[in-house]
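Participant: My questions will all concern the structure given below.
The values are calculated or read from the model by the stated rules, or taken from the named source; none is laboratory data. Fair warning: this is a prediction, and the values are worked out from it, not measured in the lab. Methodologically, a virtual Cβ is constructed for each residue, glycine included, from the backbone with ideal geometry; neighbour enumeration extends over all protein chains shown. Heads up: the accessible areas ignore ligands, DNA and RNA and are worked out on the full protein's heavy atoms, side chains in. Shrake-Rupley method; radii C 1.70, N 1.55, O 1.52, S 1.80 Å.
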Amino acid sequence: MFQSLRLNDAFAVLWRIALLSLGSLISAIAVVVFEAPAQIAPGGISGVAIILNYLFALPIGLLILVGNIPIQLLAYKMLGGWRVVAGTVFVVVLYSVLIDLLTPFMSPVTNNTFLNALFGGIVTGIGAGIIYRAGGTVGGTSTLGLILQQRFGIPFSSSALYTDGAVIAFAGLVFGWEGALYAMVALYVGGATADYVLEGPSVIRTAVIITDKPREVADAILNEVKRGVTAWEGKGMFTDQPRTVIYVTIGRAQVNELRKCVSAVDPSAFMVIGQGHSAYGHGFREIKGAKPPRH
């Protein structure tokens, strides 16, 4: 049994290294093929390196590596030691080395700046999403934002906005404000793509139903839509009358079926349908590591 556990642990480590390496390679290709040739600097240490490469002809990978050294040392001290920063340091070193190694051998696919911004963001997002899935980060301002969040309570989104905004403003001064707008396109597309890779496509919907016929509506959903239902008691603050609130998670293709089902039972029901990225548990994705239920 212990030998099996050790083998599983070794496989998990190797798989994580493989994902971090793949993500680093894809991210490096995004810089070399799309962003640097088109002078697009979408935030972060990589963006600063692209700007300094344009101004002083210094290697982008070396600049990224040097720029990350003080940040990772600070993270080592403030976030809990080597165990916390090991994955990020691995990514930063490999990513930096790959950029400088690939630069002489890879050329731009297109001279169209918008296409470079768009596909630079997509490819960067794919690489970053794979790295995030493996439990790593791309370093730089991502690590700095984590430090500010954990130590000083500054929301990660706020710190990212400030740091990336400053880099894009710097890019605007160097490359022109049109270049800054392209950098914003690449930054947004990259973030959306990373979220997609990390969380998967949005394939579920959540519905909140307020009804005076909770038993009938719940039975209809259970029998016709084949989805579980959760209910709790609420109160209409305008009418001051008790109401039952029903919550159900469904697949994207079941929205119309649910709407018709509820409307047939209670035409006066109030229903709000929201969007979710993923659902875990019975009837949806299995939670990794969870034990199967006993029957």
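Participant: Using only DSSP helix segments of four residues or longer, with each worth -39500 (n - 2.57), what per-residue ellipticity at 222 nm results for the chain after dividing by its residue count and rounding to 500? Working shown, then result.
Facilitator: On the way: 10 runs with 175 residues, N = 295.
Mean residue ellipticity, 222 nm, calculated: -20000 deg cm²/dmol.
Participant: OK, next. Could you check how much of the accessible area of the chain is carbon and sulfur, as a whole percent, using a 1.4 Å probe? Please list the in-between numbers first.
Facilitator: Details: 11120 of 17200 Å².
It is 65 percent, rounded to a whole number.
Participant: Let me ask you something else. Can you tell me the length gained on complete extension of the stretch Leu62 to Phe238, counting 0.36 nm per residue apart and subtracting the Cα distance? Spell out each step's value before the answer.
Facilitator: Numbers: separation 176, 0.36 × 176 = 63.36 nm, distance 6.32 nm.
Going from the current span to full extension adds 57.0 nm.
Participant: Return a whole-number percent for the relative contact order of the chain, with Cα pairs under 8 Å and 6 or more residues apart as the contact set.
Facilitator: Details: 442 pairs, mean separation 57.4, N = 295.
Relative contact order of the chain: 19 percent.
Participant: Kindly state, to the nearest 0.05, the FRET efficiency for Lys226 paired with Ala86, given R0 = 45 Å and r defined as their beta-carbon distance.
Facilitator: Details: r = 46 Å, r/R0 = 1.01.
It comes out at approximately 0.50.
Participant: Only four residue types carry charge here, +1 at the Cβ of Lys and Arg and -1 at the Cβ of Asp and Glu. Report the dipole size of the chain about the Cα centre in Debye, rounded to the nearest 20.
Facilitator: Values: 20 positive and 16 negative charges, 177 e Å.
Around 860 debye, computed over the chain.
Participant: Can you tell me what the convex hull of the Cα atoms of region 64-200 projects to on average, as an area in nm²?
Facilitator: Numbers: hull surface 35.6 nm².
Reported value for the Cα convex hull: 8.9 nm².
Participant: Using 7 Å Cα-to-Cβ label points, what is the Leu102/Gln149 separation (nm, one decimal)?
Facilitator: Here the answer is 2.6 nm between the modelled labels.
Participant: Just how many pairs of Lys in the chain have C-alpha atoms closer than 20 Å, counting pairs that are eight or more places apart or on different chains?
Facilitator: On the way: Lys213/Lys226; Lys213/Lys235; Lys213/Lys260; Lys226/Lys260.
Lysine pairs meeting the criterion: 4.
Participant: Rounded to whole Å and ordered largest first, report the semi-axes of the equivalent ellipsoid of the chain derived from its Cα gyration tensor (root of 5λ).
Facilitator: Working: eigenvalues 405, 124, 70 Å².
Over the Cα atoms of the chain, the semi-axes work out to 45, 25, 19 Å.
Participant: Could you tell me which residue out of Gly176, Gly121, Trp82 lies farthest along the dipole of the chain toward its positive end? Charges go on the beta carbon: Lys and Arg +1, Asp and Glu -1, centred on the Cα centre.
Facilitator: Trp82
Participant: Near the amide H of Ile154, under 5 Å away, which other amide H atoms are found, from residues 5 or more places off or on another chain, if H is placed in the peptide plane?
Facilitator: Gln149
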